[in-house]
1. Of everything in segment 369-380, what is in contact with a Leu (Cβ under 6 Å, 6 or more places away or on another chain) and under 27 Å from Ala19 (Cβ atoms)? Give them in sequence order.
2. Got a sec? Which of Phe536, Phe489 is of a type outside the set (D, E, K, R), at pLDDT 85 or above, surrounded by 14 or more Cβ atoms within 10 Å (Cβ to Cβ) and over 48 Å from the mean Cα position of the chain (by Cα)?
3. State the number of residues belonging to segment 708-764 that are at pLDDT below 65 and acidic (Asp, Glu).
4. Do you know which of the residues in segment 268-312 that are farther than 20 Å from Glu88 by Cα and among the basic types (Lys, Arg) is surrounded by the most Cβ atoms within 10 Å (Cβ to Cβ)?
5. Quick check on this structure: which one of Leu613, Leu583 is hydrophobic (A, V, I, L, M, F, W, C) and either modelled with pLDDT under 80 or more than 41 Å from the chain's Cα centre (by Cα) (or both)?
6. Can you tell me which residue in segment 69-84 is nearest to the chain's Cα centre (by Cα), limited to those that are closer than 14 Å to Ala286 by Cα and exposed (fewer than 15 other Cβ atoms within 10 Å of the Cβ)?
7. Scan segment 29-68 for residues that are surrounded by fewer than 20 Cβ atoms within 10 Å (Cβ to Cβ) and basic (Lys, Arg) and jot them down.
8. Filter segment 344-374 for residues that are in a loop (DSSP other than H, G, I, E, B) and in contact with a Ser or Thr (Cβ under 9 Å, 6 or more places away or on another chain); which is most open to solvent (accessible area, probe 1.4 Å)?
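The values are calculated or read from the model by the stated rules, or taken from the named source; none is laboratory data. Source: prediction; values computed, not measured. Backbone-built Cβ (ideal geometry, glycine too); neighbour counts: all protein chains shown. Just the protein is used for accessible areas: all its heavy atoms, side chains included, with ligands, DNA and RNA removed. Shrake-Rupley method; radii C 1.70, N 1.55, O 1.52, S 1.80 Å.
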Amino acid sequence: MNERALKTLEYNKIVDRLAGNAGSVLGRELCSKITPLTDIQQIRQLQTETSDAVQRIYQKGTVSFSGIPDVRASVKRLEIGATLGAGELLKISSILTAALRVRNYGMAHREKSVSHKPAWKLEQEQAAAKAKAAALGLSESKQEDEEETDSLSARFSELAPLSPLNQEIQRCILSEEEIADDASPGLKSVRRAIKNTNDKIHSELGAILNSGSNRSMMQDALITMRNGRYCLPIKNEFKNQFQGMVHDQSSSGSTFFIEPMAVVKLNNELRELSVREQEEIEKVLADLSNQAGSHTLELSDDQKNLTELDFIFARAVLSKAMKAAEPKFNSDRWINIRKGRHPLIDPHVVVPTDIYIGRDFDLLIITGPNTGGKTVSLKTVGLFTLLGQSGLHIPAAEGSELGIFHEVYADIGDEQSIEQSLSTFSSHMTNIVKIIDQADNDSLVLFDELGAGTDPTEGAALAMAILTHLHRRTIRTLATTHYSELKVFALSTDKVSNACCEFDVATLRPTYRLLIGIPGKSNAFAISKKLGLPEFIIDSAKEFIGVSEQSFEDLISNLEADRIAIEKEREKSNALRQEAEELKKKWQEKNERIDTAKDKVLKRANEQAQEMLQETKEYVDETIRKFNKMSQNGIGKDMEQERTLLREKLSEKDNKLSVKAVKKSQGTVKEGYEVGDNVLVLSLNVKGKVSTAPNAKGDLYVQIGSLRSLVNVRDLEAAEEEDAEQDKPKSRTAVGAINMAKTMSISAELNLIGMRVDEALPLLDKYLDDAYLSHLPKVTVIHGRGTGALRDAVHSHLKRANYVKSYRVGEFGEGDHGVTIVEFKR
């Protein structure tokens, strides 16, 4: 991209903001060198990296890249086997510490984290992810694996913290000036000897200071050091009397610093120990450098990856600050900016605007009053193009689209130059000549006030000629102007569109909204009238305007009025549509809640019905067994009581049901019944004959087999009379209908293998009752051989059953001793 356009569109100001977000020196350097790219794959990769970094910031906050030093020179020295100083090794430690911190931040992305996105947004993303996984045929586990990684995961995983090396450096080096005593055994030993020697020297010097004969010689009662040797301050007049070596004197000459002879040897030893200490320190630094030298490749990669991640997260922080979004890119040079906001305008006052070009037209002519937003619209398109192709998000709504341009040319602002003796028109034209000469099909051209600064007629003609030339070459061009001739040119030329910046005449303020498809109207007369210019002057001015110009302005006014009316209707329809959608959503949610509640109610009702059915079945089975025993003993009264209890039990269960089943009619309902009528007792589902006429309450006696039961007429239906052959077997018992149902389902054998005695006997007892009531002549009880305990229990039970005629173990072919054959009485 040409530097002139970058400067004109203030791209460098965004770059400065970007660099301010970087934490390291190399990161800021990389930000400062950012330039727009032209390869669409590289641009999309940069945009993806920025988006992934933004997502991580919203999930877990940002990560610090501050304090990351430049160790490239130190790594080069390590590669040739040099020994690094303590400061250089501490820089190595700093970059390894940063690598560990950043790696942990990146790897933590795989863990569950709290999202700051709205719940509805998360639900949409989860639904989209599931749909994508289903379309690709991925399982949920594979889908989760894919979601755990992004375009930055590889960089995070490549970071090598080299913790053992980092910990060793931090253990041995306390600061650039201090090496730890424990850095090596030799260093520790030497420093212990230095401490002991220092103690001896201070002890000797202390004794000399406290000596009465020497006290008068001392200038001050203190121990000092000169040239690395301990000395005492002696007065000038006693310098010859005090035994020792003179190392220094004060500026006034009144004090001499003398090393007493008693500590000369100890001072010599201390000097020797200092040399040995330095040698041990060199050994420690050499050892640490040797360890670091085996990891030069990892150190270089850490420096590179940390710098790139710093650069990426700087872009993400800028995107978050601008409330920007990732734009889509195309190779067809289409631009569609939705709700775009210029990033250098105060976000509290900037007005979002929609700008598009390239699909239906490739030349857009923008008209409107000064300070109405025309130039801002131009700069927004140019700056967004530069930012997007640099991998930066643009402050616009999601779904905005940008084309790929190899060059962006801009002629914006006052280019007057006193030094070069160029007027405003001349300087603009000089730039325009260069643009016409250099622009091609892959260029984006921006003109502000094209043709201004000269005679309006000639300026308009030049502007139309320049735009026509660029239009024929299908170069995407945006131009602002005040010339009415260009409005007509746009209306009459294919693939050219008008646009205007809206102006509110009532408030004399621009709204800064860009309206594409509508030419701008001159508001000079309206503004002048609003400001108090006499109306007769305005009327006189109108007379100087030609009929065609006046008609054109009237046409524009009508178009503007129609546009405002259409926009109001559109807003009204959008509000109604939104309200309808909200109502539809509420009804859907309400229906879902009703369906859910209905399912719960039905499920609970079915469960309760099943419980009552099971309870009733067990009660009926027990009553049948009692009926059977009572019929054999001839106890009719007891049978009648049990039947009455059974009917009350069934009525009780029927009353508990919330929804009662409507029983299909088996016959004809009669108003009155006579003796001998065939009837169906609905509560028992058995047939009988009326024995007595109904009383005042509607109660009558019905003969059911050998039983005579009191029944209300509401529990009766008329039944057809059956022939004698059918009545004969049914008259044997009051439960013939029930016996018929059991005969259809009872099996001729019962398998008890695998059961304990206490489990098998209740099943055996019920099975024998059902089989006897079903008129089976004999049945087989399978109990297996085993220990014989189950067989003995079965035989013991059969002995007590009064309806069992006989029983025996099975013969060959019947199951031998593993079965028992039971015959019933008839």
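1. Narrowing segment 369-380 to residues in contact with a Leu (Cβ under 6 Å, 6 or more places away or on another chain): 377-379.
Selection gives Leu378, Lys379.
2. Phe489
3. The number of residues fulfilling the criteria is 5.
4. Arg276
5. Matching residue, one of Leu613, Leu583: Leu613.
6. If we take residues in segment 69-84 being closer than 14 Å to Ala286 by Cα and exposed (fewer than 15 other Cβ atoms within 10 Å of the Cβ), then Glu79 is nearest to the chain's Cα centre (by Cα).
7. Correct list: Lys33, Arg44, Lys60.
8. From segment 344-374, those in a loop (DSSP other than H, G, I, E, B) are 344-352, 358-362, 368-373; that's our starting set.
Subsequent filtering for residues that are in contact with a Ser or Thr (Cβ under 9 Å, 6 or more places away or on another chain) retains 351, 360-362, 368-369, 372-373.
On the way: Val351: 49, Asp360: 107, Phe361: 18, Asp362: 14, Gly368: 11, Pro369: 24, Gly372: 1, Gly373: 12 Å².
The selected residue is Asp360.
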